[in-house]
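See below for the structure under consideration.
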């Protein structure tokens, strides 16, 4: 039995997070160390990124390790939970907004957005691994979003800047990438690893991982083991 079979399944509504005149929600929680009591999906879209530390992410019957700099685009049907079982405190930033806003952006800017970000058909949501400079820029973008009224214009401006400008030249992390390739992506985003040359990249690529069967559907689950 795995967490997807034993934890309660909850659907979270955006109306419980925002006021009647708000169009989005911004949150900066620390990830709990205790096993999550619930797995949840949503009636809204959200993007989140890991601002510090690392955590375990239970997502659509798979398990993965999210490092600092991981940015992910969550769709309403995705069901997931987080845990920071060991290691330093892990803080994430979360931006949530309505399905209507997402539909408007997709319809208006389909040529730029279709098949990417929130609009992929992969089991794993689209994700990006940002370097330290990109994280600083994203922090400035998020702080600007969090100032003033939480209007429709401001969330649309944030999302368009993020997707069509900020991430325009940044490749997605492959949805079904093997562990060694994910580690390679992480290494290339780390200036310290790059300064160490090829041996450092090989060491990072080879960090311990294991593969096991999923709890009930027989799918392969990647389990990134703590360093």
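The values are calculated or read from the model by the stated rules, or taken from the named source; none is laboratory data. Keep in mind that this is a model prediction, so the values were computed, not measured. Glycine gets a Cβ as well: all are built from the backbone with ideal geometry, and neighbour counts include every protein chain shown.
Structural remarks
- Failed condition for residue 130, given (1) surrounded by fewer than 18 Cβ atoms within 10 Å (Cβ to Cβ); (2) in contact (Cβ under 8 Å) with a residue 60 or more places away in the chain: (1)
- Test: residue in segment 46-65 that is in a loop (DSSP other than H, G, I, E, B), within 18 Å of residue 124 (Cα to Cα), touching a residue at least 24 places away in the same chain (Cβ under 8 Å) and touching a helix residue (DSSP H, G or I) at 6+ places or on another chain (Cβ under 9 Å): yes
- Selected residue (only one of 76, 125, 89 is part of a loop (DSSP other than H, G, I, E, B), crowded, with 19+ Cβ neighbours inside 10 Å and touching a residue at least 12 places away in the same chain (Cβ under 8 Å)): 125
- Some residue of segment 135-143 being more than 27 Å from residue 30 (Cα to Cα) and free of Cβ contacts under 8 Å to residues at least 60 places away in the same chain: no
- Residue in segment 22-40 that is farthest from residue 12 (Cα to Cα), counting only those that are free of Cβ contacts under 8 Å to residues at least 60 places away in the same chain and crowded, with 16+ Cβ neighbours inside 10 Å: 36
- Check on residue 46, over 21 Å from residue 158 (Cβ atoms) and in contact with a strand residue (DSSP E or B) (Cβ under 8 Å, 6 or more places away or on another chain): no
- Flag if residue 16 is surrounded by fewer than 16 Cβ atoms within 10 Å (Cβ to Cβ), more than 28 Å from residue 135 (Cβ to Cβ) and under 19 Å from the mean Cα position of the chain (by Cα): no
- Qualifying residue in segment 184-203 (condition: at pLDDT 90 or above, surrounded by fewer than 14 Cβ atoms within 10 Å (Cβ to Cβ) and assigned to a helix (DSSP H, G or I)): no
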